[in-house]
1. Of everything in the range 70-96, what is out of contact with any Lys or Arg (no Cβ under 9 Å at 6 or more places or on another chain) and open to solvent by 50 Å² or more (accessible area, probe 1.4 Å)? Give them in sequence order.
2. So which strands (runs of 3 or more DSSP E) are wholly in the range 133-230 and hold at least 1 residues that are over 30 Å from Leu83 (Cα atoms)?
3. Is it the case that some residue within the range 114-124 is crowded, with 23+ Cβ neighbours inside 10 Å, closer than 13 Å to His176 by Cα and touching a helix residue (DSSP H, G or I) at 6+ places or on another chain (Cβ under 8 Å)?
4. Return the only residue of Pro172, Pro195 being in contact with a strand residue (DSSP E or B) (Cβ under 9 Å, 6 or more places away or on another chain) and surrounded by fewer than 15 Cβ atoms within 10 Å (Cβ to Cβ).
5. Report yes if Leu99 is open to solvent by less than 20 Å² (accessible area, probe 1.4 Å) and either farther than 18 Å from Arg145 by Cβ or touching a residue at least 24 places away in the same chain (Cβ under 8 Å) (or both), otherwise no.
6. Can you list residue pairs whose Cβ atoms sit under 7 Å apart, with the first residue in the range 36-49 being assigned to a strand (DSSP E or B) and the second being at pLDDT below 95 and open to solvent by 50 Å² or more (accessible area, probe 1.4 Å)? Count only pairs 6 or more apart in sequence or on different chains.
7. For the range 210-226, give me each residue that is at pLDDT below 90 and open to solvent by 20 Å² or more (accessible area, probe 1.4 Å).
8. Go through the range 50-65 residue by residue and tally those that are in contact (Cβ under 8 Å) with a residue 12 or more places away in the chain, open to solvent by 20 Å² or more (accessible area, probe 1.4 Å) and in a helix (DSSP H, G or I).
Amino acid sequence: IPARMASTRFPGKVLASATGRPLIQHVYEAVCGASSLSRVVVATDDQRVAAAARAFGAEAVMTADHHRNGTSRIGEAASILGLADDQLVVNVQGDEPELDPRAIDAAVKALVEGELSCGAVVGTVASPMDATEDPGNPNIVKIVRDRSDCALYFSRACIPHFREAPSPRSQPYLRHVGIYVYRKSFLDRYLRLPPTPLEQAEQLEQLRMLEHGHKIAVAEHPTSHTGIDTPEQYEQFVRRWNARALH
């Protein structure tokens, strides 16, 4: 779980604790519910985050402060931990306290099966969008797949585009859930790949994998959770958490 303090829109969010627990603890506890994992580690560049993680019983590893994304931080953490090249590594964002742990299991299964069926080197998850979600919202990353359930493309734009309006009963759009699973050997290789034009245009790091010809297996798993990017979103999460606690 990559976790940093220097969030642009919500600095220090991983330690926000209006629920009585730091946000990173909620994420950690959710991740621990996945049956496919044997070890859960918080990777951070801030001693305060590491101390908080260890206080609630998590393993924490210190990484450099120059990483531009979570994948890069995960790569350093995997090396520090001495993971074998064939070890499966799961990258879960540190700001998703309501993550469905079954989505992690689905991503792991997608990679393991995709390695055999289509030569995939990465596993991830897509969730059908419901009627309350706007596929035109650029903050929601959409995904389209081929008939082998491998990703064709990820975009902030509305994909697919229907020249004729689809049935109002149908919800063909898939929202990308930002979980990634890869072998340690591919993680190392990915971090050496140069950035690509589509990646830079969309600001989506997974496009670097596709542009360099690597396959991403995509499991479809319904989930409604979203990450915490702003103080307002955190306040909404706190209200939902408190409401659940009353029951």
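The values are calculated or read from the model by the stated rules, or taken from the named source; none is laboratory data. Model, not experiment: these values are computed from the prediction. For neighbour counting, all protein chains shown are included, and Cβ atoms are generated from backbone atoms with ideal geometry for every residue, glycine included. Note: areas computed on protein heavy atoms with side chains; ligands, DNA, RNA excluded. Shrake-Rupley method; radii C 1.70, N 1.55, O 1.52, S 1.80 Å.
1. Glu76, Ile80, Gly82, Gln93
2. On the way: elements: 142-145, 151-155, 174-183, 216-220.
Counting at least 1 such residues, we get 142-145, 151-155, 174-183.
3. So the first thing to find is which residues in the range 114-124 are crowded, with 23+ Cβ neighbours inside 10 Å, and the list is 114, 120, 122-124.
From what is left, the residues that are closer than 13 Å to His176 by Cα are 123-124.
This time we only want the ones that are touching a helix residue (DSSP H, G or I) at 6+ places or on another chain (Cβ under 8 Å), so: 123-124.
Looking for residues that are crowded, with 23+ Cβ neighbours inside 10 Å, closer than 13 Å to His176 by Cα and touching a helix residue (DSSP H, G or I) at 6+ places or on another chain (Cβ under 8 Å), one finds at least one in the range 114-124, hence yes.
4. Details: Pro195 fails: in contact with a strand residue (DSSP E or B) (Cβ under 9 Å, 6 or more places away or on another chain).
After applying the criteria, what remains is Pro172.
5. Numbers: open to solvent by less than 20 Å² (accessible area, probe 1.4 Å): yes; either farther than 18 Å from Arg145 by Cβ or touching a residue at least 24 places away in the same chain (Cβ under 8 Å) (or both): yes.
Answer is yes for this residue.
6. The qualifying pairs are Thr44/Arg4.
7. Step one: of the range 210-226, the residues at pLDDT below 90 are 224-226.
Hits for the range 210-226 are Ser224, Thr226.
8. Residues meeting the conditions: 1.
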